[in-house]
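In what follows, a structure is listed as structure tokens, so that the remarks can point back to it.
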Amino acid sequence: MSSAKEERYFRLLWGAHLRALRLYRGWSQAKVAKKAKTTQAHIARIENGRVNVSARTLEKLITALRGRLQLEIAPAASERSK
């Protein structure tokens with residue numbers, strides 16, 4: 001996968017997870033934006049994978065959504081059998 005495609009994939013993945021948590025909470029984009037001190041338009045762009053999310057913004061969104069971040073770094077599939 002090219003670097004641009006990987007970047008787009010991860011933006012879409014972050015956005016989908018944030019949207020799922022927002023919908024789980026039953027909240028509007030506007031409510032999340034207010035709690036995270038950003039705009040509804042910015043939340044929409046994040047959820048649609050149109051912008052990169054800084055670590056600080058991600059932290060604000062997770063806090064606003066009362067979520068937690070889980071990150072796993074593991075060997076590539078080709079390395080697992082060695």
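None of the figures in this text is laboratory data; all of them are computed from the coordinates on show. These numbers were taken from a predicted model, which means no experiment stands behind them. Backbone-built Cβ (ideal geometry, glycine too); neighbour counts: all protein chains shown.
At a glance:
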| item | result |
| --- | --- |
| Selection from the stretch 1-36 of residues that are surrounded by 14 or more Cβ atoms within 10 Å (Cβ to Cβ) and over 19 Å from Ser54 (Cα atoms) | Arg25, Trp27, Lys31 |
| Among the candidates Arg50, Arg56, Arg45, residue that is surrounded by 10 or more Cβ atoms within 10 Å (Cβ to Cβ) and in a helix (DSSP H, G or I) | Arg45 |
